[in-house]
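Peer 1: Take this structure, written in structure tokens, and hold onto it; I'll ask about it next.
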Amino acid sequence: MDSFEHSADFLTTVDRDGALAETRSHAERTLSRRRLFGMTLAGAGAITIARTAGAHAAAGLPASDVDILNYALVLEYLQASFYTEAERSGALTGKTAEAARIVGATERAHVKAFLKLLGSQAVKRPTFDFQGTTEQQRPFLKTAVAFEDLAVAAYKGQAPKLQANPVLAAAVGIHSVEARHAAWMRQLFGITPAVDAFDRPASRRSINRVVASTQFIVSRPKLTGRKKPEFTG
Amino acid sequence: MRQPEFQRLDERTIDVRSSRRALLGAAGAVGALATIPVVGRMLQLGAASASPSKAQDVKILQLVLQLEYTQVAFYEQALRQAGLTGDLRHFARTALEHERQHLAAIRKALGAKAGAKPRFDFGQKTRSAPAFTQAAIQLEDIAVAGYNGQATNLTKGTLAAAAEIVSVEARHAAWVRAIAGQVAAPDPVDEPMTAKQAAQGLHEIGLRT
């Protein structure tokens, strides 16, 4: 199953159209500026799920399921924040704006569902910086395609590992919705919505590596422009 | 094209206990639908909620086989008769190619246990572009819901292989909706179908036998 251990292979498969690779190179170009502002880039660190201590899993779920759900939650946070930010930017028009509104609502619903399921064991929402991809229609679509294809591969990789049947049933129902989103975003971007007869899964390690490479996850809120309080104490 | 790793299931003998339980369960669910032989066989699956086993995988894949046969026949006939052009034709050709590969993978997994190709009567559904579009949306939604409905009934290995197919069916469903100008992903979670519901849906589309 974990046949994508080489990140280059993985990127060319999941990221067929180069969106994430392009975003990464954009991120690399802006890295020095970001360092200037003293930002800490957490990358893979942020998506590494804080494992909850103890065997008391949420709602009596197996600990391994809680772990997988938290991993899925981070991907859902990423997607929900991405669409919400794009919607708010006002940069999207026509069918793309409509699709982003609907898909965004769905991703937010997924986040809500996982938060409810996980209760106090849910990981916190990381801080994101989408590197300007939410501020223009074409980069938005390209990144959306990459995110959705990534989510499909991620859910597919984890589904057979889930132990609790209700969790598995929910996960497969979300998995196919992510595939619908992927096809929709591809159609809007103008590329084939279903490239191959079989969609391949991806391991957590591969997904984490790709997400880290985008540098969309930052460890703490942007500090740019924020002034120190004038009065302290 | 790489195929998913469905384990060959035909060398295994079907577990007598679980198939008997399935038959007994089906007896209660026999309605008008069960008079159609293939649907009758599928109804047994609807009642088979035993824990996953190779024997149960075989039954589920036999249902999946009917689904893939239906899709292949539907797209073949539509491409001949529905006068499809442009995006819709491109979609139908691509989907047909995918469904043929799915069919081959399921047949290979079932080996000697693969049933023969059923008969079909798609009526007007393959005779015009608008009718085709509506039926294709319905058929792809049945495929997604049918696969999803069996996720908890499959052994983990077969589930992993089936998961490589179901998301492609979901892509088809969204694709044809987008071409038709509809919302491509209307629900936050795809509702599953039981085997019985999936069989009934396939019959409505045109699966006979």
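Peer 1: Anything in region A:76-124 that is charged (D, E, K, R), modelled with pLDDT under 95 and touching a Leu at 6+ places or on another chain (Cβ under 9 Å)? List them, or say none.
Peer 2: Answer for region A:76-124, where residues must be charged (D, E, K, R), modelled with pLDDT under 95 and touching a Leu at 6+ places or on another chain (Cβ under 9 Å): there is none.
Peer 1: A further question follows. So which residues in region A:64-105 are surrounded by fewer than 17 Cβ atoms within 10 Å (Cβ to Cβ) and touching a residue at least 60 places away in the same chain (Cβ under 8 Å), if there are any at all?
Peer 2: A:S64, A:K95
Peer 1: A further question follows. Right, A:A50: of a type outside the set (V, I, T) and either surrounded by 14 or more Cβ atoms within 10 Å (Cβ to Cβ) or modelled with pLDDT of 95 or more (or both) or not?
Peer 2: Taking the combined requirement at face value, the residue does not satisfy it.
Peer 1: Kindly indicate whether A:R108 is within 14 Å of the chain's Cα centre (by Cα), part of a loop (DSSP other than H, G, I, E, B) and either surrounded by fewer than 21 Cβ atoms within 10 Å (Cβ to Cβ) or within 14 Å of another protein chain (Cβ to nearest Cβ) (or both).
Peer 2: Here the answer is no, as A:R108 does not meet what is asked.
Peer 1: Have a look at B:K117, B:K113 and point out the one that is charged (D, E, K, R), touching a Leu at 6+ places or on another chain (Cβ under 8 Å) and touching a residue at least 24 places away in the same chain (Cβ under 8 Å).
Peer 2: Answer to the check: B:K113.
Peer 1: Of all the helices (runs of 4 or more DSSP H) wholly in region A:135-225, which have at least 3 residues that are crowded, with 18+ Cβ neighbours inside 10 Å, within 12 Å of another protein chain (Cβ to nearest Cβ) and not small (G, A, S)?
Peer 2: Ranges flagged: A:137-158, A:165-189.
Peer 1: A further question follows. Being within 14 Å of chain A (Cβ to nearest Cβ) and not hydroxyl-bearing (S, T, Y) narrows it down to one of B:R93, B:R80, B:R119, so name that one.
Peer 2: B:R93
Peer 1: With over 14 Å from the mean Cα position of the chain (by Cα), assigned to a helix (DSSP H, G or I) and not basic (K, R) as the only criterion, which of A:A91, A:A97 stands out?
Peer 2: Exactly one of A:A91, A:A97 is over 14 Å from the mean Cα position of the chain (by Cα), assigned to a helix (DSSP H, G or I) and not basic (K, R), namely A:A97.
Peer 1: Continuing with this model, one more query. Quick one: how many residues across region B:141-157 are more than 8 Å from chain A (Cβ to nearest Cβ), in a helix (DSSP H, G or I) and closer than 19 Å to A:A164 by Cβ?
Peer 2: Of the residues in region B:141-157, 3 are more than 8 Å from chain A (Cβ to nearest Cβ), in a helix (DSSP H, G or I) and closer than 19 Å to A:A164 by Cβ.
Peer 1: Mind counting the residues in region B:160-174 that are within 7 Å of chain A (Cβ to nearest Cβ) and crowded, with 24+ Cβ neighbours inside 10 Å?
Peer 2: Final tally of qualifying residues: 10.
So that you can scan it fast, the table gives a plain yes or no per residue for (1) more than 12 Å from B:Q71 (Cβ to Cβ); (2) among the acidic types (D, E):
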{"residue": "B:R89", "(1), (2)": "yes, no"}
{"residue": "B:R93", "(1), (2)": "yes, no"}
{"residue": "B:E99", "(1), (2)": "no, yes"}
{"residue": "B:I106", "(1), (2)": "no, no"}
{"residue": "B:K113", "(1), (2)": "yes, no"}
{"residue": "B:A116", "(1), (2)": "yes, no"}
{"residue": "B:G123", "(1), (2)": "yes, no"}
{"residue": "B:A131", "(1), (2)": "yes, no"}
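Peer 1: Which is more than 15 Å from B:A73 (Cβ to Cβ), among the basic types (K, R) and part of a helix (DSSP H, G or I), of B:K108, B:K125?
Peer 2: It is B:K108.
Peer 1: Separate question: Here is a check on your reading of the model: is A:V123 more than 29 Å from A:Q187 (Cβ to Cβ) and not basic (K, R)?
Peer 2: Considered against the rule, which asks whether it is more than 29 Å from A:Q187 (Cβ to Cβ) and not basic (K, R), A:V123 comes out as yes.
Peer 1: Let me ask something else. Output yes when any residue across region A:167-184 is at pLDDT below 95 and in contact with a Lys or Arg (Cβ under 6 Å, 6 or more places away or on another chain), and no when none is.
Peer 2: Within region A:167-184, none of the residues are at pLDDT below 95 and in contact with a Lys or Arg (Cβ under 6 Å, 6 or more places away or on another chain).
Peer 1: Of all residues in region B:175-188, which are buried (at least 24 other Cβ atoms within 10 Å of the Cβ) and in a helix (DSSP H, G or I)?
Peer 2: B:W175, B:V176, B:A178
Peer 1: Let me ask you something else. Please find, within region B:175-204, the residue that is nearest to A:V103 (Cα to Cα) out of those that are facing chain A (nearest Cβ under 7 Å) and aliphatic (A, V, I, L, M).
Peer 2: B:A185
The values are calculated or read from the model by the stated rules, or taken from the named source; none is laboratory data. Bear in mind that the values here come from a model prediction, so they are computed numbers and not experimental data. Backbone-built Cβ (ideal geometry, glycine too); neighbour counts: all protein chains shown.
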